Amino acid sequence: MQTTQETGPTTATLDVARRFAGELKRSDAVVGFTTAQQALATSEATQALLAEYREAHQSLGWRARTGALDPAEAEHLNSLQQRIQSDPRVAALQQAQDELRTACQQAADTLSESVGIDLATSCGPGGCG
């Protein structure tokens, strides 16, 4: 069996992929992810919290990235991280990401079986695998 790298995908394979993409776009997993992402993006409180964390982390520079902070700085960053993790919009987005990842993995398995190509291996990093 030839791979897509040798000959390119067939028309039938592309049709299956297009149908799949359309179905995935309308799936509960994608709709849930999009909804959670929009809720996070439009929440002024969540955005302010994320901005505060980014600013604190950036201002501490390499020391924050390497863990070389004094106790007060470390406590401040830890406090911000805990507040972020307990934010309901962040939690909802993380759950939606997990559900979308699972849906993509299941879909990739189904498509792989259907077209005879291991999509997770073919697509490499950044795909649904």
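Some observations on this one:
- Within segment 64-108, the residues that satisfy the criterion of being among the hydrophobic types (A, V, I, L, M, F, W, C) and under 13 Å from Gln37 (Cα atoms) are Val90, Ala91, Ala92, Leu93, Ala96, Leu100.
- Taken over segment 18-44, the criterion of being of a type in the set (A, V, I, L, M, F, W, C) and in contact (Cβ under 8 Å) with a residue 40 or more places away in the chain is satisfied by Phe20, Leu24, Ala29, Val30, Phe33, Ala36, Ala39, Leu40.
- Members of segment 73-90 that are within 11 Å of Thr46 (Cα to Cα) and among the small types (Gly, Ala, Ser): Ser86
- Residues that are surrounded by fewer than 14 Cβ atoms within 10 Å (Cβ to Cβ), at pLDDT below 90 and part of a helix (DSSP H, G or I), drawn from segment 64-110: Arg65, Thr66, Gln106, Thr110
The values are calculated or read from the model by the stated rules, or taken from the named source; none is laboratory data. Please read these numbers as outputs of a predicted model, since none were measured by experiment. When we count neighbours, we look across all protein chains shown, and the Cβ atoms used for this are built from the backbone with ideal geometry, even at glycine.
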